[in-house]
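Okay, so here's the structure we're looking at.
The values are calculated or read from the model by the stated rules, or taken from the named source; none is laboratory data. Small disclaimer: the values here were computed from a predicted structure and weren't measured. Here the Cβ positions follow ideal geometry from the backbone for every residue, glycine too, while neighbour counts run over all protein chains shown. For the accessible areas, the whole protein counts, side chains as well, though only heavy atoms, and no ligand, DNA or RNA atoms are used. Shrake-Rupley method; radii C 1.70, N 1.55, O 1.52, S 1.80 Å.
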Amino acid sequence: MKAFYSDHFVLPLPEGHRFPMEKYRLLRERVLAAGLVAPEDLIVPHAATDAEILRVHDPEYLRRVVAGELDRAEARRIGFPWSPAMVERSRRSAGGTVEACRAALEEGAAVNLAGGTHHAFRDRGEGYCVFNDAAIAARAMQAERRVERVVVIDCDVHQGNGTAAIFAEDPTVFTLSIHGRNNFPFHKESSDLDVELPDGTADAEYLAALEAALDRAVPASRADLAIYVSGADPHERDRLGRLKVSREGLLARDRMVFARCRRAGLPVVVVMAGGYNADVAETVAVHLQTVGEAARYAADWRAFAAG
Ligand SMILES: [Zn+2]
């Protein structure tokens, strides 16, 4: 299975910033150490081009991001200080999801060890998200005539509000978001299917809600490709999550998503999204088990294709 990484495009952050920059490098190291991806299948993606980004984002927004002309309120909403490195990292992260989609369509599954920037809207960013990688990748696959329809399965604990808004009027992309009702963003958008969970939701309730949602969303989407915005932040000790899903519960979540996609014959792209455990190793462990399930999915796909 191919995995795309961009963790060496580090964006400079002030001391004590809450964004867990190091989780991406740690995850790549653990993916390699666990043998989930061969060294030659760990790939640095291209930087998403203007043409790719402009299928989703407003030209004036892109121009101001690139030029460093976001005003203070816009920059505060994103949560990163502007730098050329921020632009490059955001482009690489989106490029990784584009390339992971192409790889998944060939091989059944692929992973972007970044991405999941689902709070980025057409004309603005927020919540550590500058460009919406899943949206850019979905539109790229359509423009390249590789797929007609896409389902975005967003299990990050925060609503995929940017993705929901971008595809609100687009019947070719089905957006499912399962998230904490009381979490950021406080004004929710309308996905094609939203599942709002109360604070403290634990494994059994979480998995039952997800199962019901997948039963509706996957058939309704009639998709040719699934983009799984996995998220480690429903975890019980996540600092931003408010839910109480255990690490084992999150593994069961991953297996449920892959099982439903398998039943529908869907290639799956996995992107990481959030994870804010005080112990970064716990966040990395959750992401790692998701990558493990993706690798298993790709192996099964290969075996099936070989007859
Ligand atoms: Zn999140």
Any pair with Cβ under 6 angstrom, 6 or more apart, that starts in the range 50-76 at a residue that is more than 15 Å from Ala135 (Cβ to Cβ) and ends at one that is basic (Lys, Arg) and exposed (fewer than 14 other Cβ atoms within 10 Å of the Cβ) = none
Of the conditions (1) assigned to a helix (DSSP H, G or I); (2) within 23 Å of His8 (Cα to Cα); (3) touching a strand residue (DSSP E or B) at 6+ places or on another chain (Cβ under 7 Å); (4) open to solvent by 20 Å² or more (accessible area, probe 1.4 Å), the single one that Leu105 does not satisfy is (2)
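In the range 73-95, what residues are over 26 Å from Ser190 (Cβ atoms) and either surrounded by fewer than 18 Cβ atoms within 10 Å (Cβ to Cβ) or out of contact with any helix residue (DSSP H, G or I) (no Cβ under 7 Å at 6 or more places or on another chain) (or both)? Write out each step before concluding.
Kept after step one, since they are over 26 Å from Ser190 (Cβ atoms), are these residues of the range 73-95: 75, 80-89, 91-92, 95.
Correct list: Ala75, Pro81, Ser83, Pro84, Ala85, Met86, Glu88, Arg89, Arg91, Arg92, Gly95.
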Note down all Cβ pairs under 7 Å where the first residue falls in the range 231-248 and is part of a loop (DSSP other than H, G, I, E, B), the second is open to solvent by 90 Å² or more (accessible area, probe 1.4 Å), and they're at least six residues apart or on different chains.
-> Glu236/Lys244
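Can you tell me which residue within the range 127-145, out of those that are free of Cβ contacts under 8 Å to residues at least 60 places away in the same chain and surrounded by fewer than 24 Cβ atoms within 10 Å (Cβ to Cβ), is farthest from Glu74 (Cα to Cα)? If you could, list the steps in order and put the result at the bottom.
Restricting attention to the range 127-145, the residues satisfying the condition of being free of Cβ contacts under 8 Å to residues at least 60 places away in the same chain are 127, 129, 142, 144-145.
From what is left, the residues that are surrounded by fewer than 24 Cβ atoms within 10 Å (Cβ to Cβ) are 127, 142, 144-145.
Numbers: Gly127: 11, Gln142: 30, Glu144: 32, Arg145: 34 Å.
Per the criteria, the residue is Arg145.
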Exactly one condition in (1) more than 25 Å from Arg122 (Cα to Cα); (2) open to solvent by less than 20 Å² (accessible area, probe 1.4 Å); (3) away from the ligand (no atom under 16 Å from the Cβ); (4) small (Gly, Ala, Ser) is not met by Gly241; state its number.
-> (3)
Filtered residues of the range 139-192 (kept if of a type in the set (Gly, Ala, Ser), over 21 Å from Leu54 (Cβ atoms) and more than 12 Å from the ligand (Cβ to nearest atom)) | Ser190, Ser191
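Just to verify a result, which residue in the range 190-230, among those that are assigned to a loop (DSSP other than H, G, I, E, B) and open to solvent by less than 50 Å² (accessible area, probe 1.4 Å), is farthest from Ala164 (Cα to Cα)?
In the first step, residues of the range 190-230 are kept if they are assigned to a loop (DSSP other than H, G, I, E, B); the result is 190-192, 198-201, 222-224, 230.
When the remaining residues are screened for being open to solvent by less than 50 Å² (accessible area, probe 1.4 Å), the result is 191, 200-201, 223, 230.
Values: Ser191: 5, Gly200: 25, Thr201: 23, Ala223: 16, Ser230: 16 Å.
Out of the qualifying residues, it is Gly200.
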